[in-house]
Amino acid sequence: MDWGYVWANGDMLIPAGGRPGSGSRVDASNLGIDQAEATTVFLKASILQNHLFETDFLTASPTGQRKIQAPFIFQGQTYAQDTLLETRADIGWFRICYGYKAFTLASSYLAPRIGLHHVRLGATINGENKDGALLSNTRRLDGTYPVLGVEARHSFPYGMDLSMELEGMHLITRGFVTLLHIAGDWEVHPDVSLRVGILARVCNWTEDNQPLNNEWTLSVAGFSTGVSFGF
């Protein structure tokens with residue numbers, strides 16, 4: 001399990017029922033969303049030495065409070081410039097992948113991998129609309145991406161490892177996803193390791209079933225520390 005901080009950014013265009021004119025693009029920085037605590041739960045397994053399986057789930061809930069600098073329309077509601085809004089973004093990022101140690105040399109290996117990412121974004125905006133009425137406006141979005149990638153790992157003396165994971169996919173008209181994760185592990189006791197890492201994840205998703213479609217982009221980058229147990 002890892003704990004850390006991430007900086008979140010992105011934008012979204014969320015219409016009401018796909019009706020033209022019921023949504024406009026809004027940037028996370030306009031809503032005051034910035035950093036948040038993040039938790040990642042992960043499970044890694046090695047079968048017959050060369051077959052590698054990994055799954056993890058990252059969750060974070062950045063919030064913001066700001067008088068917006070530009071008006072926008074979110075799910076049919078118009079928010080005027082200088083309106084004070086409280087915003088919360090609930091992020092859940094699940095990934096699962098399989099890799100194979102195709103290249104092994106002494107204390108290092110390189111493993112191509114395939115996998116799947118499922119990203120969920122919940123956006124809640126609390127404040128006044130253009131008519132001065134108080135309201136809470138919530139929309140939950142999600143996207144699923146197949147990915148290709150590679151993992152590289154090198155083992156050092158005294159139980160220390162350095163690893164890099166790189167994954168991504170572009171879905172042409174539906175969006176894209178990328179992931180970069182660099183981590184260092186130190187085995188302080190048999191089957192107990194301390195872990196320090198940096199991460200960067202970006203995704204973009206566009207629906208294509210309405211006159212005006214939901215579009216959103218999300219990026220999270222930060223650092224983490226944690227502990228892992230072997231069995």
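The values are calculated or read from the model by the stated rules, or taken from the named source; none is laboratory data. Since the structure is predicted, the reported quantities are computational estimates derived from the model, not experimental observations. Cβ: placed from backbone, ideal geometry, glycine included. Neighbour counts: every protein chain shown.
The rows are residues; the columns are (1) in contact (Cβ under 8 Å) with a residue 40 or more places away in the chain; (2) in a strand (DSSP E or B).
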residue: VAL147; (1), (2): yes, yes
residue: LEU162; (1), (2): no, yes
residue: HIS181; (1), (2): no, yes
residue: GLY184; (1), (2): no, yes
residue: VAL196; (1), (2): no, yes
residue: LEU199; (1), (2): yes, yes
residue: LEU212; (1), (2): yes, no
residue: GLY222; (1), (2): yes, yes
residue: THR225; (1), (2): yes, yes
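HIS51 passes every criterion in (1) within 30 Å of VAL150 (Cβ to Cβ); (2) under 22 Å from the mean Cα position of the chain (by Cα) apart from (2).
Which of the residues belonging to region 148-168 are under 16 Å from ASN204 (Cα atoms) and either more than 21 Å from the chain's Cα centre (by Cα) or crowded, with 18+ Cβ neighbours inside 10 Å (or both)? Passing the criteria: only GLU167. Evaluating SER46 against the criteria (1) of a type outside the set (A, V, I, L, M, F, W, C); (2) surrounded by fewer than 14 Cβ atoms within 10 Å (Cβ to Cβ); (3) under 14 Å from the mean Cα position of the chain (by Cα) leaves one unmet condition, (3). Highlighted here are the strands (runs of 3 or more DSSP E) found entirely within region 58-145 that include at least 1 residues which are touching a Leu at 6+ places or on another chain (Cβ under 9 Å) and within 30 Å of LEU43 (Cβ to Cβ): 84-100, 103-105, 108-128.
Is region 41-55 home to any residue that is more than 30 Å from PRO157 (Cα to Cα) and among the small types (Gly, Ala, Ser)? Within region 41-55, not a single residue is more than 30 Å from PRO157 (Cα to Cα) and among the small types (Gly, Ala, Ser). Restricting region 129-146 to residues that are modelled with pLDDT of 90 or more and hydroxyl-bearing (Ser, Thr, Tyr) leaves a set whose member that is surrounded by the fewest Cβ atoms within 10 Å (Cβ to Cβ) is THR138.
TYR5 meets each of the listed conditions (1) surrounded by fewer than 16 Cβ atoms within 10 Å (Cβ to Cβ); (2) more than 19 Å from ILE182 (Cβ to Cβ); (3) modelled with pLDDT of 90 or more apart from (2). Look through region 104-115, keep the residues that are surrounded by 12 or more Cβ atoms within 10 Å (Cβ to Cβ) and among the hydrophobic types (A, V, I, L, M, F, W, C), and return whichever of them is farthest from MET164 (Cα to Cα). The selected residue is ILE114.
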